[in-house]
Amino acid sequence: MSDRLKAEREAAVARRNLLTQDAMERTGISDEMIGELVTRFYGRVREDAILGPVFAIVQNWDEHLARLKDFWSSVVLMSGRYHGSPMRAHLPLNLVGDHFDRWLDLFEQTAREVCPPAAAALFIDRARRIADSFEMASATVAGRIASPRHVLRS
Ligand code: HEM
């Protein structure tokens with residue numbers, strides 16, 4: 001790698017770190033908070049009658065939890081740690097409205113327990129937007145049309 005490219009990469013990493021630092025200060029969200037939210041939420045998901053059977057596909061839970069921590073760190077702190085295609089992982093699962101409702105119920109309940117109100121509101125807003133996009137895409141693949149149901153709820 002040339003010296004110029006190396007310097008540009010380092011500058012990009014430094015800018016990203018500043019962005020993340022700023023997001024942490026503004027929201028009060030930390031890696032520990034994300035860790036607790038993800039661990040507690042998936043503990044509930046695995047025991048849930050509607051969601052548990054869907055998650056039986058997960059072979060390695062340590063890996064899944066680590067990936068989801070990176071995912072949320074990228075979404076709320078812009079850390080760039082997650083590199084994946086979440087939509088592609090969900091389309092083959094044949095998810096329907098009941099799955100999304102339950103997933104969001106458990107996620108929102110856990111976020112409110114683990115995070116202060118402003119941080120919980122940020123996680124919940126992002127989760128609802130993403131859930132709506134998965135739900136609409138899942139419906140399209142199944143030959144139906146769906147509109148966003150969760151993002152506009154209070
Ligand atoms: C109906 C609700 C949902 C169900 C039942 C569900 C289920 C699953 C399952 C079974 C996997 C593992 C796929 C695999 O290992 O092949 C997975 C992965 C994942 N889910 Fe969900 N999910 C739901 C909603 C969501 C939502 C709303 C988000 C984001 C806010 C999300 C984020 C992710 C991410 C980031 C992965 C990892 C994808 C990767 O491999 O990089 N899921 N989900």
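Would you please name the residue that is nearest to the chain's Cα centre (by Cα), looking only at residues in region 24-44 that are more than 12 Å from LEU77 (Cβ to Cβ) and free of Cβ contacts under 8 Å to residues at least 60 places away in the same chain?
Within region 24-44, the first condition is being more than 12 Å from LEU77 (Cβ to Cβ), and the residues that meet it are 32, 35-44.
So of that shortlist, the ones also free of Cβ contacts under 8 Å to residues at least 60 places away in the same chain come out as 32, 35, 38-39, 42-43.
Values: GLU32: 15, GLY35: 12, VAL38: 9, THR39: 13, TYR42: 12, GLY43: 15 Å.
The residue in question is VAL38.
Kindly indicate which of ASP22, ASP105, ASP3 is out of contact with any helix residue (DSSP H, G or I) (no Cβ under 9 Å at 6 or more places or on another chain), more than 10 Å from the ligand (Cβ to nearest atom), closer than 30 Å to VAL141 by Cα and of a type in the set (Asp, Glu). It would help to see each step written out before you state the result.
On the way: ASP22 fails: closer than 30 Å to VAL141 by Cα; ASP3 fails: closer than 30 Å to VAL141 by Cα.
Criteria check complete, one pass: ASP105.
Does VAL54 fit the bill of being farther than 30 Å from ALA14 by Cα, near the ligand (Cβ under 8 Å from one of its atoms) and free of Cβ contacts under 8 Å to residues at least 40 places away in the same chain?
On the way: farther than 30 Å from ALA14 by Cα: yes; near the ligand (Cβ under 8 Å from one of its atoms): yes; free of Cβ contacts under 8 Å to residues at least 40 places away in the same chain: no.
Answer is no for this residue.
Consider ARG81 carefully, then state whether it is at pLDDT 95 or above, in a helix (DSSP H, G or I) and of a type in the set (Lys, Arg). First the steps, then the outcome.
Numbers: at pLDDT 95 or above: yes; in a helix (DSSP H, G or I): no; of a type in the set (Lys, Arg): yes.
So ARG81 does not fit the description; no.
Could you tell me which residue of region 135-154 is modelled with the lowest pLDDT, considering only residues that are in contact with an Asp or Glu (Cβ under 7 Å, 6 or more places away or on another chain) and within 17 Å of ARG102 (Cα to Cα)? Full working, then the answer.
Our first condition is that a residue be in contact with an Asp or Glu (Cβ under 7 Å, 6 or more places away or on another chain); within region 135-154, this holds for 146, 148-151.
Pick out the ones that are also within 17 Å of ARG102 (Cα to Cα) and you get 148-151.
Values: PRO148: 95, ARG149: 95, HIS150: 95, VAL151: 90.
Within region 135-154, the match that is modelled with the lowest pLDDT is VAL151.
Can you find even one residue in region 2-23 that is modelled with pLDDT of 95 or more and within 13 Å of the chain's Cα centre (by Cα)?
Checking region 2-23: not a single residue is modelled with pLDDT of 95 or more and within 13 Å of the chain's Cα centre (by Cα).
If you check SER73 against the conditions, is it of a type in the set (S, T, N, Q), within 14 Å of the ligand (Cβ to nearest atom) and under 23 Å from PRO116 (Cα atoms)?
On the way: of a type in the set (S, T, N, Q): yes; within 14 Å of the ligand (Cβ to nearest atom): yes; under 23 Å from PRO116 (Cα atoms): yes.
So SER73 fits the description; yes.
Looking at (1) in a loop (DSSP other than H, G, I, E, B); (2) under 27 Å from PRO117 (Cβ atoms), which is the only condition LEU19 fails?
Status for LEU19: all satisfied but (1).
Looking for something more than 10 Å from the ligand (Cβ to nearest atom) and without any contact (Cβ under 8 Å) to a residue 40 or more places away in the chain - is there at least one such residue anywhere in region 76-97? Don't jump to the end; show me each part of the working.
Taking region 76-97 and keeping what is more than 10 Å from the ligand (Cβ to nearest atom), we get 76-81, 91.
This time we only want the ones that are without any contact (Cβ under 8 Å) to a residue 40 or more places away in the chain, so: 81.
Yes - at least one qualifying residue is present in region 76-97.
Quick one: count up the residues across region 44-59 that are part of a helix (DSSP H, G or I), surrounded by 14 or more Cβ atoms within 10 Å (Cβ to Cβ) and not basic (Lys, Arg).
Adding up the residues that qualify gives 3.
In the set ARG126, ARG112, which member is out of contact with any Cys (no Cβ under 8 Å at 6 or more places or on another chain), within 11 Å of the ligand (Cβ to nearest atom) and assigned to a helix (DSSP H, G or I)?
On the way: ARG112 fails: within 11 Å of the ligand (Cβ to nearest atom).
Matching residue, one of ARG126, ARG112: ARG126.
Checking the conditions here, which among ALA127, ALA139, ALA121 is small (Gly, Ala, Ser) and more than 14 Å from the chain's Cα centre (by Cα)? Don't jump to the end; show me each part of the working.
Values: ALA127 fails: more than 14 Å from the chain's Cα centre (by Cα); ALA121 fails: more than 14 Å from the chain's Cα centre (by Cα).
The unique qualifying residue is ALA139.
Looking at region 111-127, is at least one residue over 23 Å from ASP22 (Cα atoms), buried (at least 19 other Cβ atoms within 10 Å of the Cβ) and at pLDDT 95 or above?
Within region 111-127, none of the residues are over 23 Å from ASP22 (Cα atoms), buried (at least 19 other Cβ atoms within 10 Å of the Cβ) and at pLDDT 95 or above.
The values are calculated or read from the model by the stated rules, or taken from the named source; none is laboratory data. Everything numeric in this text was worked out from a predicted model, so none of it was measured. Neighbour counts are summed over all protein chains in view; Cβ atoms, including those assigned to glycine, are modelled from backbone coordinates with ideal geometry.
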